[in-house]
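Readers should treat all values here as calculations from the given coordinates under stated rules, not as data from a laboratory. The shown structure was predicted, so the numbers you read here are calculated from the model rather than taken from an experiment. Note that we place each Cβ from the backbone using ideal geometry, even for glycine, and neighbour counts take in every protein chain shown.
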């Protein structure tokens with residue numbers, strides 16, 4: 001979600017999770033399902049050695065839908081029913097312009113451009129409602145979809161939560177929030193089960209809702225400008241948009257650490273963490289996109305590998321601390337994590353402790369429980385769980401409203417959490433946040 005950190009920078013099948021170091025594998029044909037967690041190309045435990053990366057590899061995890069090979073006639077532009085569209089047909093290319101999202105229909109390929117550069121391409125309900133039907137249509141008529149952000153600063157800095165909170169505080173109406181989260185999570189699921197290659201170019205700030213638009217796709221291209229974070233606990237929420245699915249599938253306790261602290265990763269570290277699948281310098285992106293638009297579906301992996309160097313001597317930025325992360329964040333409670341950090345007098349421990357103590361106590365406990373539960377759930381069930389949690393946060397007196405007020409609206413940076421301490425956040429209170437909704441209110445996927 002759109003965070004102060006972002007603004008400051010540029011102002012179905014249950015899965016078993018283990019922490020064994022995965023071995024590199026060769027990219028499978030494009031018939032492989034699309035949700036790739038974790039990325040097995042890097043070794044994280046211990047981090048004693050510098051990384052030597054093989055050409056990009058692809059993990060094989062079960063997916064709720066099988067991959068298919070749709071065919072379309074590249075000679076005939078696809079008509080997409082969008083009100084007030086402005087269609088430009090020339091050399092068999094259509095551009096369908098909508099203010100906050102641009103869609104380019106190029107033969108059997110499609111491009112989605114998030115087009116709110118002045119707002120760091122923050123995702124709002126209007127954008128979600130436009131992207132979903134186009135992606136759904138393209139899934140059966142295209143061979144490849146690329147999604148990117150307009151401008152140089154951001155792919156997508158998060159969801160437009162200010163509108164949700166302002167509406168909630170002014171009218172006590174939850175409908176906008178419920179609608180946004182329901183449709184956003186449905187889009188996350190569509191991306192995660194997409195039958196064709198989905199390439200997210202995460203050049204620039206990629207946080208919260210922007211992570212949801214990218215991390216569930218088959219290919220995620222990071223650049224030296226990429227800035228990743230899931231900073232929701234700082235605004236009284238939790239890592240949603242499928243965060244409870246992909247975070248516990250990162251190496252060791254890295255996902256829980258990132259989800260609780262909101263710590264940021266930059267550039268190649270996004271690849272080394274297993275969040276991106278490829279790293280390409282931003283100057284190569286125009287040529288990369290051109291080659292992708294000219295290729296056959298089966299050659300996507302080959303093209304992406306061509307643009308990425310085979311080796312680096314880079315070390316993951318958290319490598320020196322992974323042993324501590326794996327130890328401290330294996331604790332059974334947030335309180336135990338904090339006690340371990342307090343006993344560690346290192347600068348890293350002090351920094352980590354500071355991030356945790358700024359966050360909502362409720363968010364910390366809900367996040368820890370949700371990520372633990374998510375490690376054994378499929379993507380659909382994680383998103384359904386997240387929708388219940390999001391609906392529970394839609395209250396004028398919630399930490400979510402207070403966090404957005406303090407960090408994004410008034411910007412006094414002084415949220416007053418309620419409850420205000422971890423001790424006051426009881427297990428009973430946490431469990432209440434996970435209560436199932438009425439059947440007709442549940443997220444339908």
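Of interest is the spacing of the C-alpha centroids, which for the range 381-436 and the range 117-163 amounts to 26 Å. Computed from the Cβ-Cβ distance with R0 of 35 Å, the FRET efficiency linking residue 423 to residue 348 stands at 0.85. Dividing the Cα radius of gyration of the range 113-259 by 2.2 N^0.38 Å, with N the residue count, gives 1.02.
Per residue, the Cα convex hull of the range 105-165 amounts to 78 Å³. As an equivalent ellipsoid, the range 273-421 spans semi-axes of 37, 23, 18 angstrom, where each value is the square root of five times an eigenvalue of the C-alpha gyration tensor, largest first. When Rg and the Kirkwood radius Rh are both evaluated on Cα atoms of the range 184-238, their ratio Rg/Rh stands at 1.00. Ordering 417, 138, 348 from the fewest to the most neighbouring beta carbons within 10 Å gives 348, 417, 138.
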